[in-house]
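The values are calculated or read from the model by the stated rules, or taken from the named source; none is laboratory data. From a predicted model like this one, the values you see are computed outputs, not experimental measurements. Don't worry about glycine lacking a Cβ; one is built from the backbone with ideal geometry, like all the others, and counts go over all protein chains shown. With ligands, DNA and RNA removed, areas are computed over all heavy atoms of the protein, side chains included. Shrake-Rupley method; radii C 1.70, N 1.55, O 1.52, S 1.80 Å.
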Amino acid sequence: MSDHEIPRSGAARVGQVKDITSLSNPIVKDIRALSMKKHRDETGTFLAEGLKLVIDAIDLGWTIRTLIYAKAQRGKPQVEKIAALTVARGGMVLEVSEKVLTAITRRDNPQAVIAVFDQKLAPLAVISPARDETWIALDRVRDPGNLGTIIRTADAAGASGVILIGETVDPFSMETVRATMGSVFAVPLVRATETEFLNWSKKAAALVVGSHLKGSVDYRTIGYKDQPVVLLMGNEQQGLPDTLATACGKLARIPQTGRADSLNLAIATGVMLFEARRHLLELDEPSA
Ligand code: SAM
């Protein structure tokens, strides 16, 4: 066991880097505990994996609480730069063994760089959708993969954020964060009870479009232009409850054929979202 501080040359010289190889190190134990919702809730933090993702997070203004990287990364300019930045902003930097990384990420081939960040959730009361903004509201989403995919899709389509209604899966679980592919840092997330959402939607002056298997309107015929839109999606098992469905300005359906009785929630959200924002999305010039 060699848990000591390494004197640095290079970017991390401005602070301290702890060298950790032992799984029984209390800092490592605390980070490993972030795989549990209870510990994430208590600390208000979460774990994100991958150098690109960590760089993206910094670019988007997030502050690293703890940077953890594999020994083999020592001296790599990007890692040294992030380490120096982390220390300068009061964070901690850990250089760890492969065994420690594997234990923290619970993966056989862990990413070489991971980081702990503070969770960010916006209160619904401060959200006031403007013209051309599209918000996604998810009723009691259960599946972390679905939620992560929806956050990633929201980012790609330029949605303004995702509102999580009622008892939902944790947006900061490792599985959800992985599925967002970094978009968790780009898309504002909001939590609300059903009652809070219903009260807010009355005042929000936005068109609330419920996506519903019994919807009477073809989702392609709705006038999404020139107004704020909230796309309200139902729970994976039960769909939208009447309490939420009756609060919608439109109940939209995606026509289906074949044997499937419904679309997967994340797919349905993607289909609705790209239609609602079709008039706002353009292809970039292809790169040479
Ligand atoms: N058994 C559920 C039900 O009765 O609604 C199926 C829910 S589906 C897996 C999850 C959500 O995706 C739905 O609540 C709805 O918001 C959306 N969805 C799936 N297929 C849809 C379709 N064809 N038209 C509109 N929304 C759809």
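Computed over protein heavy atoms with a 1.4 Å probe, the carbon and sulfur contribution to the accessible area of the chain reaches 51%.
Once the C-beta distance of Glu194 and Val217 is scaled by a Förster radius of 25 Å, the resulting FRET efficiency is 0.65 to the nearest 0.05. Just checking the listed ones, Pro144, Pro129, Pro171: in the Gaussian network model of the chain with Cα springs under 10 Å, the one fluctuating most is Pro129. Residue-wise HN-Hα couplings along the stretch 261-275, as the Karplus relation 6.51 cos²θ - 1.76 cosθ + 1.60 with θ = phi - 60° gives them from phi, are 7, 7, 8, 4, 3, 5, 5, 4, 5, x, 4, 4, 5, 5, 6 Hz; Gly and Pro carry x. With θ taken as phi - 60° and the Karplus curve 6.51 cos²θ - 1.76 cosθ + 1.60 applied, the whole-hertz 3J(HN,Hα) list for the stretch 20-34 is 10, 10, 9, 5, 8, 4, x, 5, 5, 4, 4, 5, 4, 5, 5 Hz, x standing for glycine and proline. In this simple spin-label approximation, Gln16 and Glu285 carry label points 7 Å from Cα along the Cα→Cβ vector, and these lie 5.2 nm apart.
Taken along its three principal axes, the alpha carbon spread of the stretch 122-281 comes to 39, 37, 32 Å, from the longest extent down to the shortest. A 1.4 Å probe run over the protein chains yields, for the chain, 50 Å² of accessible area per residue, whole-number rounding. For Lys76, a cut-off of 20 angstrom between C-alpha atoms picks up these aspartates and glutamates, skipping any fewer than 8 places away in its own chain: Glu5, Asp19, Glu49, Asp56, Asp59, Glu95, Glu98. The solvent-accessible area of Lys250, taken with every protein chain present and a 1.4 Å probe, is close to 80 Å².
Seen from Leu34, the other residues with C-beta closer than 15 Å to its C-beta sum to a net charge of +2, counting Lys and Arg as +1 and Asp and Glu as -1. Only Lys, Arg, Asp and Glu carry charge here, each on its Cβ (+1 for the first two, -1 for the last two); on that basis the stretch 3-118 has a dipole of about 100 debye about its Cα centre. Taking amide H as placed 1.01 Å from N in the peptide plane, Thr66 has its amide H under 5 Å from the amide H of Met92, Val116, each at least 5 places away in sequence or on another chain. Taking every protein chain into account, the 1.4 Å probe leaves Met92 with about 60 Å² of accessible area, to the nearest ten. In this structure, the residue pairs whose Cα-Cα separation is over 29 Å, taken from Lys37/Lys203; Lys29/Lys120; Lys81/Lys120; Lys120/Lys202; Lys52/Lys250; Lys38/Lys250, are Lys37/Lys203; Lys52/Lys250; Lys38/Lys250. Computed over all pairs of different Cα atoms, the Kirkwood value for the hydrodynamic radius of the chain is 20.6 Å.
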